[in-house]
Every structure is written in structure tokens, then in C-alpha cells.
Amino acid sequence: MRKKWVVYLGFFLVLVLCFWFFLFQGTDLWKPKLALLNYVKPFSFTNQDNVAVTEKDILGKVAVVEYFFTTCKGICPRMNQNMKGIYNEFKSEPEFVILSHSCDPERDSVPRLKQYSDSLGVDTKKWIFLTGKKDSLYYAARNSYLLDDPKNSLEKIEDQFIHTQFFALIDKDGQVRGQIYDGLKQDELEKLSIDIKKLLKEKSSRGNFVNSIFGNNP
């Protein structure tokens, strides 16, 4: 009798496991998730074609974010050479975009960003170069993308300068995910590539994140 109950119990457990497998098969719910680091705040900047770009324009897209300046002779050329590798890998993905923000907007005018983007020979619908007000650009770097310490905002904006080699990864719901990636380290660039592929496979969990995440989170 006891042996029969063991068989029944085993059969029941198999049924439960099969039920859960078929329930979650084809969804992302059973897969390990990349860490959630932060939420993107509303923004409005100007791209290399003098067109406004806001958080609504990356609705449903996976985005890689960086800060650079066009006259940089140090880390920026290496960063953007590495970023071009990411661009080349994912430029055919309709749900992928790169956002490169200027950290020197006084010099990086719209025409200068246009000239810079042309020199890279990239599709500026996939790799977008942004300028705007310095305080707004720096606020986004610190409070959305975690690419600089928010404590640095205590200085006068005229005296501030962000110079970072780090990239941020944004999912389709406007969430900063994974980690902050060093754009000068090959192993972290490879990790970034792997994580982009993971996020491209994820479905947006909130439908329209403009009405849910942006503006509703700290």
C-alpha cells in the first residue's frame, strides 16, 4: 500500500512539473534576469539633425548610453571605436539604438555633432548623438544612467565636467539593467554584447513605459 502511494505521489509531482514547464515555456519568466539598477527619467535633447529626442523615442527599444565629447583626444576615440563594434553587431536590429550624449555642449553644437557622426559613417537613426543644456545632460548621466556620482552636482555647473568611459544598458521598459560597463575593457564589452542579446529577447513587461516608468519613479 505504501509503495502504491509513493508511485501516486511521484506521478502527481511529474504532472505538476509538466504543468509549470508548459505554462512558462516561451516566456521570459523562468529565465534569470539581468539586475535592475535604476529607471530612466524624462528627458529632451537635440540630435545631430537638430531634431528633439525624448524618452518616448526609445519606447520599446534596447539602448546603450554613453557620454563623450567631440574634441576629446584621450579615452573618447577608443570608446567610440569600441562602440562602433557594438553598433556593427546590432545595427540591423530594429529594436536597438545607441545614445551618445555630449558632456561638452558648449562646443558640441548640432553642426559639430553632425560632422562627427558623418566621420564615423554610421546610420544616425541607430546611433544618435545628443546635445542640450549642460545641467540636463549631467542630471541624466547621474540620476538616470548612473554614469557619474550624483554628489558631483553640488559643484557649480560651470565647474563640472563628466569624463567617463562607462556605458549604460537600457531595456525596452526604460530600466537601467545588467551593470555599468567599462567601454575600454574587452571582457566587459563582450558581456555587454551578451546582455544586449538577452534584453532584445525580452518582451516589454509594462506595455507603454512612458505612462508607467517615466515620471512615476524616483
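With a 10 Å Cβ neighbour count serving as the proxy for reagent exposure, in which order, fewest first, do Tyr67, Tyr138 appear? Display every interim value, and only then the final one.
Values: Tyr67 27, Tyr138 23.
Lowest count first: Tyr138, Tyr67.
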Segment 41-96 and segment 177-199: distance between their alpha carbon centers, rounded to Å: 15 Å
Projected label distance in nm at Ala35 and Leu154, using a 7 Å step from Cα toward the beta-carbon: 2.5 nm
Cα→Cβ-extended label distance, 7 Å offset, between Ser204 and Asp187, nm: 3.6 nm
Table column - 3J(HN,Hα) (Hz), segment 193-198, Karplus curve with 6.51, -1.76, 1.60, x for Gly and Pro: 4, 4, 6, 4, 4, 5
Cβ-defined net charge surrounding Ser92, 15 Å radius [Lys, Arg +1; Asp, Glu -1]: +2
Compactness of segment 33-211 - radius of gyration and Dmax, Cα, Å: 15.0, 42
Residues with amide H under 5 Å from that of Tyr39, placed H, sequence gap 5 or more: Val176
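Here, each number is a calculation from the coordinates, and none is a lab measurement. Please read all numbers here as calculations on a predicted model, not as lab measurements. Every residue, glycine among them, receives a Cβ derived from its backbone with ideal geometry; neighbour counts consider all protein chains shown.
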